[in-house]
Structures are given as C-alpha cells and as structure tokens.
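Data block below; observations after.
The values are calculated or read from the model by the stated rules, or taken from the named source; none is laboratory data. Model, not experiment: these values are computed from the prediction. Here the Cβ is made from the backbone with ideal geometry for all residues, glycine too, and neighbour counts use every protein chain on show. For accessibility, only protein heavy atoms count, side chains too; no ligands or nucleic acids. Shrake-Rupley method; radii C 1.70, N 1.55, O 1.52, S 1.80 Å.
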Amino acid sequence: MWTPLSSRYGILSRYRRCVYHGRLFRAFVVDIAPFQGSKFFYSGNDTQFYIRGVAYQQEYSGSKSSSDSFKDPLADSKACSRDVPYLQKLGTNTIRVYAIDPKSDHSSCMKDLSDAGIYVIADLSSPGESINRNEPTWDADLYNRYVSVVDELSQYKNVIGFFAGNEVSNSKNTTSASAFVKAAVRDMKQYIKAKDYRPMGVGYATSDDSSIRENMADYFNCHSTEENIDFWGYNVYSWCGDSNYEKSGYKSRTDEFRDYSVPVFFAEYGCNAVQPRKFTETETLFGDKMADIWSGGIVYMYFQEDNNYGLVSVDGDKVSTLDDFNNLSKQIAKVSPTGVEKSKYKPTNTALQSCPSVNSDWAAAATPLPPSPNQELCSCMEDSLSCSLKSSTSGDKLGELLGTVCGYDVCGGINTNATSGEYGAYSVCSPEQQLSYVMDLYYKKQNKNKSACDFNGAAATKSSSSPSGSCSALLNEAGSSGTGTVTSSPTASVAASGSAGASASGSEGAGNMIAPVHVSVGYWQLGAYVVTAFAAGFGMILL
C-alpha cells in the first residue's frame, strides 16, 4: 500500500520549538512508513498520522481568456513566510493547494513548510487544464500538465501526494467523466513508479452528492489496485452550526467507509451557513467515533474571499485573524487522537469495493478505462498520413470539419464512450491530429482520389513516411481503423508538446476555489460536433 514519505529516508533532523495554544511542541517533518491498510503512519515513532489541514490558495477569479492567471501559493516565498506562523498557531500539519505553476521555484516556501512540520497535498490540475465533467478527455496536454506537477513537487519530502481531480462528477449525468479521472489516477501512479520517485499517493476529492457519493467511492476503489486511488478525499459541508454526529450525516458517512481499504479524510470541511463558524465538528472528526475510520481533514480555507470561508484576511504584509480562526484554534486544541501503533496494526479491510453497475444512476464502465496518452503514438500516426489538416485551418472550424468527416463513418478511432468502455486509440491525440487522421482515413477509402483530400481547402495531401521500429508496433496495435488497443504506455516520459490554450468553466469546488475544467483549443467544439453527429445518425460515435 502506498505511503507519502518512504522510510528509506529516515527521520529528518528538523525540529523546532514552537508555541501552539500557549504550550511548546515539536514541529518536524518525518518520513511516513510503508503500511498496509487504511491509515497513515510516521516511520520513526510508530504513531498514526492524522491530517490537521487548511486549504491554502486564493480563489481563482480570472476570465476564461486568461484561465491560468491563478496565483501559485507555493511560489510566493514572502507570503509563505508571512502565513506559516499563522498555520502553526492552528496546529496545521498539512495544506492543500489547488493549482501550482510547475515552472516556478517552490523551494523557499516548501522549506518553510517543512521546517514547520507541514506537509502538502496538491491538485494536479489548473483552472485551464483539468478534466471537464461535460466534455471529458484524457489527452497528451493534460498528461503533460499532470506529470510536470509531479516532477516539480517530487523533490520535496513533505509532499504527501496529489489529487487527480476535484468534484469532476457531481451528478448522475456527469459520472461518465469519472472514467477519465480514474485513467489519470492510473497513469500518474504508473508515472511515479516508472520515474522511481519516492512513494507519493494519487487520490481524488469528491463532492458530497447523495445521488452518487457511494458509487463514486466504490468506482475509484474497485477492480484493480493499479488503477485505484491511494487515498480518498471527501469535500463535506453537512455540519452547520451546532449540529451533531447523527444530524450532520457524519455517522452515516463513517459507517459507509468502515471497511474501505485506503485512507479517507475530509478534503474540505467547514460549513459557513451559520457564522461565525464554530468548528464543533472538529472534536467529533478527531474523536473516538470517527478517528478509527477517518484520517483527519482539511478546513476550507485560509484566505478570506468573497465566498466568506476565510480564516484570516490579508492586506499586503498584514494578516488579521477572523472569528473563524479563533474558533478553529480553540477546537483543534481540544483534539489529540492517538490512533493505533503501526507495529500493532493488522488491517482487516483489504478487499476492494464492488464496481457500480452501469445504469441510470451510473454511466462509467469499470473496465476498460480510457487509454494512456501516448505522444509517440500520435506523432507516428501523423507522420504516416497522406492527407492531413492544413496548419492554416483555424481552431473554430475544427468542430465543423469533424462533423462533416465523421458523417462518413471513419471516426471510430477517435471516439470515446465511457459507458460502453469503447475508446479509439487516437482519442488521446490533439484535435488537429485526430482530424487529420479521420481525413486521411476517408481519403484512403476513396482510393486516394485527390478531391477526397480537400474539405473545402482545409486539407491537403502530403508525403508520408513508412513506420518502422516502435512506430510500426504502435500503429499495428492501434489498427487500420484506430479501434485497436495500444498496450504500450508513455510511462516515464511524454513529449513536451506544450499545453494548448484552454477555457475554464463549470467544474467548481465549494466556494468556487480553483475551477477544475479542461477544454483544449478545439476540444470543446470537437466534442460538441461528435455529439451532434451521433444524434444525427452519422454513426459517431496513504498515506
């Protein structure tokens, strides 16, 4: 079973004496030992690790045309130096960040956090690059984004792991998107292993939607451990004001996860329907009724924004604590769960969940999942074409062109259907590559008649190269119609093709934190035309 910080590094020699609610305590980052079961453990002192977390990122509120203009909280060394002491006053040992820029320098902030004994769980997406619940894809651009975050943060020993998605499926009619998120989980786990990084987990943060929450938890932890999440985050806001264990639904949720085989924790909590927030749920979450099942939780959120979930207000270098901060501080001071010693822990909940059946309540087949993005496959395919899209063709015409070409029943190799589990081998390629592929397929079906490679001036014939070596093997696996299964995977590398521009919309967490959707240039249009063509009868288809 996965753990965030392998015992091979030993205990880090970072200890500081800090004041926490008027008493001294040790702040340190230590390795987390490998384990089997549903709990987190330190390696050096044999004790269970509970997340006392805070969501640490200012809201994204940019326009769709500048969807990646978010502020990377781990790249602002001055802000980290300003805020870490306040996080320490809350007894924080984990922060969650929703989007980082993998090209930025995070060393200063990560050191401040490490010295303070604070770990990091990072979402892999960004406002402009994540899986869109309405038009889900898992492609090379997204793969590149996700692995770049893994690469950047793998160097820091206080990184617990990553969320491959946040509330992507939030209703019955968006559950098909979960197949693409689970494919991302699978590929990130494989990437971390192939790169021989220290163990870091890959999980998912789900919403508390009563119509899908049980199916969601089952789906992401069924069928195969290689594909399943390493931990399960639960965004829950059902305890408002002076609620209680039963009324809030905490008891029901705890019963549901009693036999879950990986760690579960609250990825967000802190209802603000009653203000100021009293955080009376904290004592219950870390108390006897829940601490045996749940591994703590992450309070939403540090910064005061328009959504009114903040613990502090920040004005330049000045930090003012709010009533919510003081109330949380008092509540967290009351809790000190001891859990179980690692040496005495004998997990009995090792069985995987039963995969949900595909029906009106659930739209994602358990297997197969969408294929792994493979830039080599896409490049090899593109080089082999005799007819391709002209580079001058503008993005807004891609969807219209696809609708035209797919009317000729040549799009099986680029289609995706999470409900039936059918995925074209080239569904992982860029919109331009996909369109070139189906144009070429149509061209060949017309015996390479020159007029069949025109499409009103959008395509042209070109010299093709005969595939050899690995290219030949990949194209053979994909098959002549692109409907074969490519077993080769990108593993430890993928061509750095850069990310296409994107728009953010729709997939929002509580309080509109980082809006996790991904719409690459042309993909929204392509997806819309695929649906249109199909409807028209064109055959389109821890720790």
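Quick notes on this structure:
- Residues in the stretch 299-320 that are surrounded by fewer than 16 Cβ atoms within 10 Å (Cβ to Cβ) and among the polar types (S, T, N, Q): 307, 308, 313, 320.
- Residue 375 at pLDDT below 95, under 24 Å from the mean Cα position of the chain (by Cα) and at negative phi: yes
- Within the stretch 346-362, tally of residues that are closer than 20 Å to residue 169 by Cα and either buried (at least 20 other Cβ atoms within 10 Å of the Cβ) or not hydrophobic (A, V, I, L, M, F, W, C) (or both): 8
- In the stretch 181-190, the count of residues that are assigned to a loop (DSSP other than H, G, I, E, B) and open to solvent by 10 Å² or more (accessible area, probe 1.4 Å) is zero.
- Residues in the stretch 150-180 that are open to solvent by less than 40 Å² (accessible area, probe 1.4 Å) and of a type in the set (D, E, K, R): 152, 167.
- Among the residues listed as 261, 252, the single one being more than 15 Å from residue 239 (Cα to Cα) and of a type in the set (Gly, Ala, Ser): 261
- In the stretch 128-139 there is no residue that is more than 25 Å from residue 434 (Cα to Cα) and either assigned to a helix (DSSP H, G or I) or at pLDDT below 95 (or both).
- Residue 329 vs. criteria within 17 Å of residue 83 (Cβ to Cβ) and touching a helix residue (DSSP H, G or I) at 6+ places or on another chain (Cβ under 7 Å): yes
- Matching residues in the stretch 394-444 - criterion: being charged (D, E, K, R) and surrounded by fewer than 23 Cβ atoms within 10 Å (Cβ to Cβ): 396, 397, 400, 409, 422, 432, 444
- Residue count for the stretch 85-104 satisfying the condition of being assigned to a helix (DSSP H, G or I) and under 25 Å from the mean Cα position of the chain (by Cα): 1.
- Conditions (1) more than 21 Å from residue 137 (Cβ to Cβ); (2) within 18 Å of the chain's Cα centre (by Cα); number of the one not met by residue 188: (1)
- Conditions (1) in a helix (DSSP H, G or I); (2) of a type outside the set (A, V, I, L, M); (3) surrounded by fewer than 17 Cβ atoms within 10 Å (Cβ to Cβ); number of the one not met by residue 215: (3)
- Any chance residue 248 is open to solvent by less than 10 Å² (accessible area, probe 1.4 Å), in the same structural domain as residue 162 (by the TED database) and assigned to a loop (DSSP other than H, G, I, E, B): yes
- If only residues of the stretch 105-155 that are more than 16 Å from the chain's Cα centre (by Cα) and of a type in the set (A, V, I, L, M) are counted, the one that is nearest to residue 76 (Cα to Cα) is 110.
- Boolean, residue 448 is farther than 18 Å from residue 414 by Cβ, of a type in the set (D, E, K, R) and at pLDDT 95 or above: yes
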